Amino acid sequence: MSEHDAHHPGLGSMPHDGGTAFRVWAPNADAVAVTGGFTDWSEDGHAMVAEDDGHWYADVDGARPGDEYQFVITNGEQRLMRIDPRARVVTNSSGNAVVYDRDAFDWEGDTFGCPPHDDLVIYEAHIGSFVAADGDAGDLGGVAGKLDHLADLGVSAVELMPVTEFAGDYSWGYNPSNPFAVSSSYGGPDALKDFVKQAHRHGIAVILDVVINHFGPSDLALWQFDGWSEDEKGGIYFYNDERSSTPWGDTRPDYGREEVRSYLHDNALMWLEEFHLDGLRFDATLYVRTIDGLGTGDLQEGWDLMRSITSTIRERHPDKILIAEDLQSDPAITTGDDGGAGFHAQWDPGFVHPVRRVLTAVDDHDRSMAELAEALRGNDAPFRRVIYTESHDEVAEGSLRVPDEVDGGDPTGWAAQKRATLGLALTLTSPGIPMLFQGQEFLEDQEFRDTAPLDWERAEQFRDLVRLTGDLVRLRRDGDGVSGGLRGDGFEVLHLDDDAKTLAWARRAGDDVAVLVVNASSEPRDVTTGMPSAGPWTVRFNSDASTYSALFAGHETHDVEAVEEPVDEQPASGTVSVGAYTLVVLTPA
C-alpha cells in the first residue's frame, strides 16, 4: 500500500473527526505547506508530504470547517501563496479558501429526477440580475424567492448561468476564477444546495452552465500554480503551446494531461452528485474541440474529454441531461459513437436566427414561410436540440430583445406584443426542447446586462401576457391531457402560402396529434389547410385572444369541422380563421 492509499482519499480539504486532511497537486514544487487560521497564518505553515504523481498531503489536527487557508508552494526561489484549486468555498476570487464539509447539508430526502426530455421547458436565468437592485448584485436567495412565479408559469427546469467564483462584483459568470467554488456573492455552496432543494419541491429541475473551454482570465490561482510554465504560459493546468490560445487569453486547459482531465471530469460530477443538479450546459464547446474556434484546427483531446465526461455521466446518472452550446449544428455533438461528444442536446442556431428574421422583418413581404417551416422542422431527432428566440447571448452586447427589435420606438405596443408572443408560441409548440430567457414572459425589452436587474413590476403590468406564456407551457407539457401531440417528435407541413404568409403543420406523438396554424401577416387570414382527419377540432389556444392584452384584436377563431375533402395529400381539410401575427393550436375534440 502506498502512502497515498494510506491517507484520506480525495483532493482539496477533507474535514474529519479531530481535524482536516489536505491534498493538492503540485508536481514541480520543491515543498508544499498549508497555512491558515489553524496555524495562526505562520509563514512556514504545516508541512505537507510528497506522494505519488506530484501530489502533496497533510492531516492537520484542529483544522475544521469554516477555517480559512492557503497552500504555500516553494519552487526554487519562488514562494507562492495559492488558493486550493478544489475549494468549494472561497472568501473571494483573490482571497482564501475555506474548509467546507461537503456532507453536512441536510437534503431532507431529496430524490428529484430530471423530467423526460419531451417534458422539458427550460427557463434561463442569471442570478446577479434576476432579482436585484441597482448597485446591489442579486443572490441565490433572491432567485429562490421567485420559484413560485416559475412554478405558476409551468416551466419544468431553470437553467442558471455559471455560479462559480469570478473576479469582481458583477459578471455573466463565464470567467471562472475558482471552478469548484460557488460564488461568495451569490451565497456560496449551501445557498446553491438550498436553491436546488427548493426548486425540486416546486417540481422544477435545475440545470447549470459550466465552462471548460477556458479558465479566468482574472484572479486565476491556477495560473502557473506550482511555479512552472513554458513560454510564459499558464503552467500545469493549461496548454503551454499554441493550443493555449482562446478569445479569453492563453487559458485553455490541457485536455491531454491526466490530472487536468480528472480535474474537469470531477468538477462536472461534483455539480450533479454533491449539489443534486439535474443537468449541465457546457459553454462554447467549439473552443473545446477546435484550437481556433473556427471549426478548424481539430483538437482531438477536447473531443476525448467531452466524450469521457458525457459517457461517465450517462452511465452513473442516466436521468441527467447534458447540453452543449456549440452553435455549429454538428450532429457529432449529440452522437456518442464514432468519435462524437455524447451530449443529449445542443442549442440550435438553425431555429433562433430564421425565426427571429420572420419576427423582426419590417415588411410582411420579407417573411419567408419556407424558411420558417425548415426552422420549425429541425432534424430527425428533435429532442437533440434546444430552441429559443431569446438567450443571454441573443439579447446582449448590442443584440436586442425581440420587442425592442420589432419596434424600438414602442416596444410595448401592438406590433411588439404581437410578434414577441408569436415568437414565444413558435418556440413552445415546435419540435425540440424549448427555452425562455428571463423576463421574456413579461415583455422585458432591455438588453441583458449583468448590472441591470429585471424590472419585476412588468410581471404585474403584463400579467395577461404572463398568463399567455403559462397557457402555452401547459399546452406544450400536455397539462390538460388534450395536447400530447406537442410532446412528440412528429412534424408535417400541412399548408404553406408564402404570398398570404400562412403556415400550418401537425405535431404527433403516437396517436396524439395537434394542428398549428400561423398567420405571419398584419391582416387576418382564413386559412384552408389539409387536416390529419375529418371531424371536429377544438381551438385550444389563440394568441390573439383579447384576454391576453388590451391591444389584441381578439379575432374570433372558431372550432373547425374538418371535412373529408383531401388537400395537399391530407385525407381531410378545414378552414381556420386566424388573426394578424397569430398562432392557433387545435386538437381533436
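Looking at the stretch 262-396, the pairs of alpha carbons with a distance over 26 Å make up 31% of the total. According to the Cα-based calculation, Rg over Rh for the stretch 172-329 is 0.97, with Rh computed by the Kirkwood formula.
P(r) tail for the stretch 195-242: Cα pairs beyond 16 Å make up 57% of the total. Using the alpha carbons alone, the radius of gyration of the chain stands to its Kirkwood radius in an Rg to Rh ratio of 1.03. Summing Lys and Arg as +1 and Asp and Glu as -1 over all other residues whose Cβ lies under 13 Å from the Cβ of residue 402 gives a net charge of -4. Mean sequence separation of contacting Cα pairs (under 8 Å, at least six apart), scaled by the length of the stretch 195-321, corresponds to a relative contact order of 24 percent. Within a straight-line Cα-Cα reach of under 18 Å, residue 418 can be paired with the following lysines, leaving aside sequence neighbours fewer than 8 residues apart in one chain: 501. When the pairs 146/197; 193/320; 233/320 are compared against a 26 Å limit on Cα-Cα distance, 233/320 fall above it.
Relative contact order for the stretch 470-523: 29 percent, from Cα pairs under 8 Å spaced at least 6 residues apart, divided by residue count.
If one puts a single equal scatterer on every Cα of the stretch 70-223 and applies the Debye formula without solvent, what log₁₀ I(q)/I(0) results at q = 0.12, 0.17, 0.18 Å⁻¹? Debye curve over Cα of the stretch 70-223, log10 I(q)/I(0) at q = 0.12, 0.17, 0.18 Å⁻¹: -0.56, -1.01, -1.10. Were the residues from residue 170 through residue 111 laid out at 0.36 nm apart, the gain over their Cα-Cα distance would be 17.9 nm. Computed log10 I(q)/I(0) for the stretch 490-531 at 0.15, 0.28, 0.31 Å⁻¹: -0.36, -0.93, -1.06, from the Debye equation with unit scatterers placed on every C-alpha and solvent omitted.
Quick check: net charge around residue 574, other residues with Cβ under 10 Å of its Cβ, Lys/Arg +1 and Asp/Glu -1? Present the calculation step by step, with values, prior to reporting the outcome.
Values: positive: none; negative: 559, 561, 565.
Once positives and negatives cancel, what remains is -3.
Sum up the charges of everything whose Cβ sits under 10 Å from the Cβ of residue 353, counting Lys and Arg as +1 and Asp and Glu as -1, but leave residue 353 out. Net local charge, residue 353 excluded: -1.
List the DSSP H helices in the chain whose Cα atoms stretch 27 Å or more along the helix axis and whose mean Kyte-Doolittle hydropathy is at least -0.5. What comes out of the filter, once short or polar helices are dropped, is none. Annotation note: chymotrypsin sites (Phe, Trp or Tyr not before Pro) in the stretch 492-578 located in DSSP loop regions with a Cβ neighbour count of at most 11 within 10 Å are absent.
Once fully extended, how much extra length lies between residue 43 and residue 296, figured as 0.36 nm per residue of separation less the alpha-carbon to alpha-carbon distance? Walk me through the numbers before you get to the answer.
Working: separation 253, 0.36 × 253 = 91.08 nm, distance 4.83 nm.
Full extension from residue 43 to residue 296 adds 86.2 nm.
The calculated P(r) of the stretch 294-356, using every Cα pair and 10 Å bins from 0, goes 21, 50, 23, 6 in percent. Across the stretch 467-582, the mean sequence separation of Cα contacts (distance under 8 Å, 6 or more residues apart), normalised by length, yields a relative contact order of 24 percent.
For the stretch 47-153, the C-alpha radius of gyration sits at 1.58 times the compact-globule guess of 2.2 N^0.38 Å, with N the residue count. The modelled label-to-label distance for the pair residue 50/residue 133, using points 7 Å beyond Cα in the direction of Cβ, is 5.6 nm.
The alpha carbons of the stretch 176-269 give a radius of gyration and a Dmax of 15.8, 52 Å, in that order.
So if the hydrodynamic radius of the stretch 1-93 is defined as the Kirkwood radius over C-alpha pairs, what does Stokes-Einstein give as its diffusion coefficient at 37 °C and 0.692 mPa s, in µm² per second?
Working: Rh = 13.3 Å.
Calculated translational D: 247 µm²/s.
Relative intensity of the stretch 481-589 on a log10 scale, I(q)/I(0) at q = 0.11, 0.12, 0.16, 0.24 Å⁻¹, equals -0.31, -0.37, -0.66, -1.36, per a Debye sum over C-alpha point scatterers of equal strength in the absence of solvent.
FYI, it's all coordinate maths here, none of it is from the lab. A quick note: this is a predicted structure, and the numbers were derived from the prediction, not measured. With ideal geometry, Cβ positions are generated from the backbone for all residues, glycine too; neighbour counts draw on all protein chains shown.
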